[in-house]
Amino acid sequence: MKTCPACQRQVQEMEIECPYCGVIFSKWTPRPETFPNKSVAPKKDNKWIARYKGMIYIGLVLQFIHSLLRVLLPMSLPDLFVFPLLGIVLCMIGLHGYARMKGRSGVWVLLSIIPLFGPMIGLFVLRRDSIEIPIESERSVQARKRDLTSFSVFVLVTTAVMLFQFFSFPKAAIREIHGPIPNLFPVLIITSDERNIEYHAHIIYKRDLDEFVKTNPNYSFLVPDGQWENLKNQLKSETRGYFKVEQLPDGKQSLEVGNAVHDEASVAGWYEATDKEFFPERYRLVHSMGQFSAVVMPSFTLGFLCSFLTYDSFLIYAFLKRRRQGSFALR
């Protein structure tokens, strides 16, 4: 008697084929193990899982700190949008790596766009996933190469678009004035004492201009010659405003005046002025959250689009390669 290597049953010694499972003994070869052992993940991969989870936790902490500071100290802090931006980036890297280590798709990174709650949902769901890390193979190497290339494209495109948007946004936000003058249009007014010896610079918004002129009849829209630098330094020490002036041949002056409305918004105005009149030309109002949305959201959108196109290109190339080799299965 001998044991069938396939079904482990006892058969006659002279049999060349198993009567139970039909295996031909001379042609039988052990079946290779298709699926890896899922019981324990390698230690080095466990370290990477801990690192990715740590990135998610740090990103969540940064976003929470930013939200807490905005609630407790809404008007006494400068713009801190770098905190949520850094937090989102860390959550993206962490979720992408954690999902891949769990054998899931990198699309889980999209949850990081939702502040605070998105990464927490992704982390909670992925932690309950029982899928373990696959063994190293040619296929897994190609998958990691594909993921690394897609993520690199995302980082490069997002960074490039973000830098372009950041430097071009101030010019893109400028609007020509063809109708009523905006209430927050800033105007530089120079007052002096009765002997015109001491000058003082004021940045007044259009909404407050009439009242200011009534209470300060000795005013001028022109910056006196020889006083430009002194008045700039005086404004810098007293306010967050600035001005640039250019003398025109007809006696007028061309001015650019800017000021911070509050900690999260600033205005700038361009106009020509005579002694008692000004003629507005262009205007810009920038809010930090508006700038954040105009800079960050298009950058991330284009980054995701290029990353997905790169990812799909790898899949299409792999499919066509297998098709040429005679395999039509998209694995």
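Points to keep in mind about this one:
- Considering each residue of segment 230-243 in turn, at least one proves to be more than 26 Å from Pro180 (Cβ to Cβ) and of a type in the set (Gly, Ala, Ser).
- Filtering segment 162-217 to residues that are part of a helix (DSSP H, G or I), open to solvent by 80 Å² or more (accessible area, probe 1.4 Å) and acidic (Asp, Glu) leaves Asp210, Glu211.
- Pairing residues of segment 252-268 that are within 16 Å of Lys236 (Cα to Cα) with residues that are acidic (Asp, Glu) and open to solvent by less than 40 Å² (accessible area, probe 1.4 Å), at Cβ distances under 7 Å and at least 6 apart in sequence or on separate chains, gives Ala268/Glu256.
- Screening Lys244 against (1) in a strand (DSSP E or B); (2) open to solvent by less than 50 Å² (accessible area, probe 1.4 Å); (3) not hydroxyl-bearing (Ser, Thr, Tyr) leaves a single unmet condition, (2).
- Close pairs (8 angstrom Cβ cut-off, 6 or more residues apart or separate chains): under 14 Å from Tyr242 (Cα atoms) in segment 204-231, open to solvent by 90 Å² or more (accessible area, probe 1.4 Å) anywhere: Tyr205/Asn183
- Residue match in segment 68-83 (condition: modelled with pLDDT of 75 or more and among the aliphatic types (A, V, I, L, M)): no
The values are calculated or read from the model by the stated rules, or taken from the named source; none is laboratory data. Values in this document were obtained by computation on a predicted structure and should not be read as measured data. Cβ atoms come from the backbone with ideal geometry, glycine included; neighbour counts cover every protein chain shown. When the accessible area is computed, the model is the full protein with side chains, heavy atoms only, and any ligands, DNA or RNA have been set aside. Shrake-Rupley method; radii C 1.70, N 1.55, O 1.52, S 1.80 Å.
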